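> Below is a structure I'd like to ask you about.
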Amino acid sequence: MTETPENPIDETDLEAPMDGDDLAPLDAVIAERDDWKDKAMRLAAEVENIKRRAEREANDARAYAIQRFATSLLGVADNLQRALTAAPQGSSDAGVQGLVTGLEMTEKSLIQAFEANGLTRVAPEPGDRFDPNIHQAMAEQPSTEVPAGTVIQTYQPGYVLFGRTVRPAMVIVAARGSAAAPPGSSVDTQA
């Protein structure tokens, strides 16, 4: 700073020592500011977490809103499958052929409606690995046709809605110690 006639420099101000007590009010204001800033940042983070949680819950509600309705329709799908299994195949009667064709078309349409809404059928084939998340073991039995821990037979198909199991597939699983025999070999089970 240079001395000018309009702005004279007061040398006593320059030589006066800064006292720690003089800065105490400033330190208190800075501490209070930091405290409020910390509170504001925590509240902003909490609001963001609440927003994300609400969005996730709303998405889950939309995605799984049909779960109860879909579960009630699974009985219809099972009954259609049972009717198709019991229906006479290869009949020469035109009425029976029409009935079987109608049942097949209805089941196909119902399965397509399920899949269009995110509900997929789980019907493991023999030899598929047993998955406790989507399969329910109804029985375990030895098998020479499939390896241990794999599905031998499916009693009832299961259904999964957007990755969440609505109903597990009911299956028979190959017991430990089971081993698939190599093709062409015969196994003596009487020994």
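The values are calculated or read from the model by the stated rules, or taken from the named source; none is laboratory data. Please read all numbers here as calculations on a predicted model, not as lab measurements. Glycine gets a Cβ as well: all are built from the backbone with ideal geometry, and neighbour counts include every protein chain shown. These area figures cover heavy atoms from the full protein model, side chains too; ligands, DNA and RNA do not enter into them. Shrake-Rupley method; radii C 1.70, N 1.55, O 1.52, S 1.80 Å.
> Among the residues of the stretch 137-166, count how many are surrounded by fewer than 16 Cβ atoms within 10 Å (Cβ to Cβ), out of contact with any Leu (no Cβ under 9 Å at 6 or more places or on another chain) and closer than 21 Å to Asp60 by Cβ.
Within the stretch 137-166, residues that are surrounded by fewer than 16 Cβ atoms within 10 Å (Cβ to Cβ), out of contact with any Leu (no Cβ under 9 Å at 6 or more places or on another chain) and closer than 21 Å to Asp60 by Cβ number 2.
> Let me ask something else about it. Being surrounded by 14 or more Cβ atoms within 10 Å (Cβ to Cβ) and within 30 Å of Arg62 (Cβ to Cβ) is the filter here, so list the residues in the stretch 99-109 that pass it.
Thr106, Glu107
> Can you tell me how many residues within the stretch 68-98 are under 23 Å from the mean Cα position of the chain (by Cα), polar (S, T, N, Q) and open to solvent by less than 50 Å² (accessible area, probe 1.4 Å)?
0
> Separate question: Of all the residues that make up the stretch 61-102, how many are touching a strand residue (DSSP E or B) at 6+ places or on another chain (Cβ under 9 Å) and of a type in the set (Ser, Thr, Tyr)?
Matching residues across the stretch 61-102 total 2.
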